[in-house]
Structure formats: structure tokens, C-alpha cells
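Structure first, commentary second.
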Amino acid sequence: MFVIGGGGTGSEGAFRLGHQSGLRVGMAERDRLGGECNNYGCVPTKVMLRSAKIAALARDAERFGVHIPTVEVDFGAVMDRVRAVIEASSGEEAGPFEDLGITVLKGDARLVGPDEIAMADGTRIVADRIVLATGTAPQTPPIPGLEGAPFWTNREAIWSPTAAPSSLAIIGAGAVGIEFAQLYARFGTRVTVLEVAPRILPNEDEAAAAALVPALEAEGIELHVSVTIRRASHDGHGWRLEIGDGEAVRADELLVAAGRTPNLDGHDLVAAGVSLDDEGKPILGETLRTTSPDIWAAGDATGELLFTHVGSYEAALVADDILGRPRARDYRVVPRVTFCDPEVASLGLTESQAREAGHTVRTSVVPIADNERATIDGSGFGVVKLVADAADARLLGGHIVADGAGAMIHEVVAMMAGHVAAPTTGDAIHAYPTLSESVKAAAAQLG
């Protein structure tokens, strides 16, 4: 049994199989164990966002009767803490796996047949079962002048600068683009965000996206939506992005956050019998088996729900299938969070998606500004929106923009997972003063 990819999904899958079975298990990782999330995504960005939030709170302290004469961000010290947190979470490297008898190989591993892997050093490995946990790679949009130019992806946006740039343009207003926009703005960078869709966070409910806009703009972040970038050019000193007739955006650095694609280049999928769909994603069965019966794909390599918590769920799903306990995947209740300030958290269907799916819909919308805890905390940006089936008031989706929305959304997770009608939560006592009272109020409106 062999796992290609030692990121969050691959590591968890290998560890489960090593712990729960008598199988000989091997795993290969070409970079660092922990993968994209731990080393170049989720973990470092959240550490940076925490420092950025503390800086923002310090600058705002006088509003709360606290005088802080100056606030300075030491970018080097911030990044030292990023390294320390990563080291604390993955510093043991291969040790825990080797303790379970799992063989961990460092280097490129390529799938070359239905049961064969080739390592970069020429080693050939034969395995009766193989898991593709190869993650994703950033997409480069087809903008003239971009290919081959020194733009940032999420990796460079974390590890390249030694100081915050004076100005930064960001292509893409999804979760990655918005998080970097806010953290760099709070580090003192002038930030401009360009999005081709009609709104920021295009995968979120319109009400949630709209509630975040004034919070970002209040921090000086320029947001441009429905934008077509005609050309990008880099002169060795900075960037020029042509976005209209004679209109251009200039910035010292450019971050491209325009989506990701399954990282399957270099693998001989045809020889292995692994088929892809028209979007370049592996065709998968209900237990994440590919079209090759002894090869599975899990985590970001599926090209579907690119979340670490989904990868963990899928690692368990694949391990169970390999161990003879197959169960069908179920993505009905999958929360997602954009860790800006205020946070944006959601799950299920947006209002437009629910209507397009044929549901007769009822919605409730409660502004966070109506919540007394928000008044106390001085943070009135945000909203709670619930989307329910009009026939029985069972939730189809939930959307929260608030300080701590990533925690608040789990009350909605419990409601949807348990098929609880919204009025039940609307009748339940919630502690005062808490932001969760807004969830109660939104649920009560659906009664």
C-alpha cells in the first residue's frame, strides 16, 4: 500500500492505515511533510492574520479608552513566529510514521502504472493499492504578460518578502485573495483587489459578500469587481495591470490567487488507467476509487472541496475502503471559513443555489449590528443569513459574517447534520450577551 503525497490528507491516510492494519505502508513527499496547508497556506497565513489583527486592534485602541502612542509591525518577527508555529506542528517530520513502521521517502514519486511508482532517483516501487494525495497547483489565468513573470502565488506571498511591500495588487477575490489583502493592508501595504466576477467571494452568498465589503473598504482596501485585465507587465521594479481604456493599476508586487488545479502533471494516468473528466479532475466513485480499481484520489487532488477538514474526512473514507469497510462519501454538511476580520463562514446552499435546485425557499437575515455584544465590542460589520426549505423550515444553508463566525457556524452545522428544523433553535435559550444570539434570531424568523 503506497501513498503519493505527504500533505495533510496523505499523512493522515498513511497514519490511519499504519495504525489500524497489518499492511506494509509507504508514503512519498517531494517537499515538506504537512504539505501546502501546513507550510504554505492555512497555518502560516493564520499566524500572519493574527499578528495583523493585533496591529489593527492596537491602532483602534483609543476608541476604547486605551492610548497606544505608536504601532509598528516587525515583519521579521512575525515571520519568525510563523516558522516557530510550523515547527511546533510538524517538527518531528517522519518520526511518528516510522514509529508505526511506515516507510517515508523524500522525493518526487510518479505513478507509472496501475500498481507501479517511479521515484526521481530511479527506484521503482510496486504496490497493490495506491492513493493519490498530490494536492493542487496554482492556476495562472490567461492574461497576456503574466506567464513567466515574477508574480506571487500564496507561497511567495508568505516566504518571499523580507518586509511588507509598499503596494500590492491581487488578482482574485476568493478566500485566499481576501485574506492576503487584509493582512498586508494591516501591515501597512496599499492593496488593490481585482475580481472578474460581479462580487468578492463569488462562491459565497450575496448577502455575506456584501456584508464584508464595507469592513474591507474601511481599512483602505480597494475592491474592483467585474474587471477584465487586458494585459500585465513587469518592468523590473513593479507591475502595471491594464484594466480598461487607458486605465491601469500599478503595484510593487502582484499576487495571483485565481484558483487551483489538481497536481497530476508527470503522472502517467493513461498507463495507470486513471481517467479525468472534462475539467481535468479524476473521475471518482462513491468511496473515492478512481477508474483504476486499486487507485484512490483524496484531498485537494480530487479538485473538488479544497479544505483541509475535507481532506481529513476523505483520508478516513479511503482507509475504510481499503480495510474492507466501504462507505459512500457525503458532502451535505461541509463548513468553510474565510479567516478575514470579520470572518466569513458558511455551509450548504446559497439562496440562489437553493432556488436553482428547485427548492421553495425561505430566508432570514439578521444584521450583526443589531446584536448587543457587537455593540459592546464595537464591531458591527456582518450578518447572519439562513436559507431554509419553506415546506418544513429545515436548513439548506447558513451564512455568517461576524467576529468569530468560524466558531458560530458550528451551531448551524449541528442543525443541518441533525436535520433540525430552524424554529427549534429559534426557541432555544442562548446566552446573553453573545453573537450567537443572532443565530437564534435568524432561526426564529423561520418559524
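Rule-based calculations on the coordinates, nothing more; no lab input. Keep in mind that what you see is a predicted model, and the values were worked out from it rather than measured. Positions of Cβ are backbone-derived with ideal geometry, glycine not excepted, and every protein chain shown enters the neighbour counts.
Here is the short version for the chain: Cys340 have no other Cys C-beta closer than 4.7 Å.
Only aspartates and glutamates eight or more places from Lys440 in sequence, or on another chain, were considered; those with a Cα closer than 18 Å are Asp370, Glu372, Asp389, Asp392, Asp403, Glu411, Asp427. Between the beta carbons of Glu72 and Ala357, assuming R0 = 45 Å, the FRET efficiency works out to 0.35 to the nearest 0.05.
What the Cβ-Cβ distance of Arg231 and Val334 gives, at R0 = 41 Å and to the nearest 0.05, is a FRET efficiency of 0.60. Select from Ser379, Ala390, Val401 the residue farthest towards the positive end of the dipole of the chain; place +1 on Cβ of Lys and Arg, -1 on Cβ of Asp and Glu, and compute about the Cα centre. Most positive-ward Cα: Ala390.
Given the alternatives (1) 149; (2) 179; (3) 170, volume of the Cα convex hull per residue in Å³ as computed for this entry is given by (3).
Calculate the FRET efficiency for Asp370 and Thr162 from the Cβ-Cβ distance with a Förster distance of 41 Å, rounded to the nearest 0.05. That gives a FRET efficiency of 0.40.
Summing +1 for each Lys or Arg and -1 for each Asp or Glu among the other residues whose beta-carbon sits under 9 angstrom from that of Val249 gives -1.
Once the other residues with Cβ under 11 Å from the Cβ of Val439 are scored (Lys, Arg +1; Asp, Glu -1), what is the net sum?
Summing Lys/Arg as +1 and Asp/Glu as -1 gives 0.
Within the shell defined by Cβ-Cβ distances under 12 Å, the residues around Ala94 carry a net charge of -3, with Lys and Arg each +1 and Asp and Glu each -1.
So if I place +1 on the C-beta of Lys and Arg and -1 on the C-beta of Asp and Glu, and nothing else carries charge, what would the dipole magnitude of the chain be about its Cα centre? I want it in debye, nearest 20.
Value, rounded to 20: 260 debye.
Among Ala301, Ala181, Ala77, the largest mean-square fluctuation in a Gaussian network model of the chain, built with springs joining Cα atoms closer than 10 Å, belongs to Ala77. From the alpha carbon centroid of the stretch 393-447 to that of the stretch 20-83 is 29 Å. Of the GluC sites (Glu not before Pro) found in the stretch 202-263, the ones in coil according to DSSP and having at most 11 other Cβ atoms within 10 Å of their Cβ are Glu247.
Compactness ratio for the stretch 103-230: Cα radius of gyration over 2.2 N^0.38 Å (N = residue count) comes to 1.44. Note on the chain: GNM, Cα springs under 10 Å; of Gly145, Gly236, Gly285, the largest mean-square fluctuation is that of Gly236. Between Gly34, Gly397, Gly418, the residue with the greatest mean-square fluctuation in the GNM of the chain (Cα pairs under 10 Å linked by springs) is Gly418.
Taking all Cα-Cα distances within the stretch 1-73, those exceeding 20 Å account for 54%. Measuring how big the stretch 336-445 is from its alpha-carbon positions, Rg and Dmax come out at 13.1, 41 Å.
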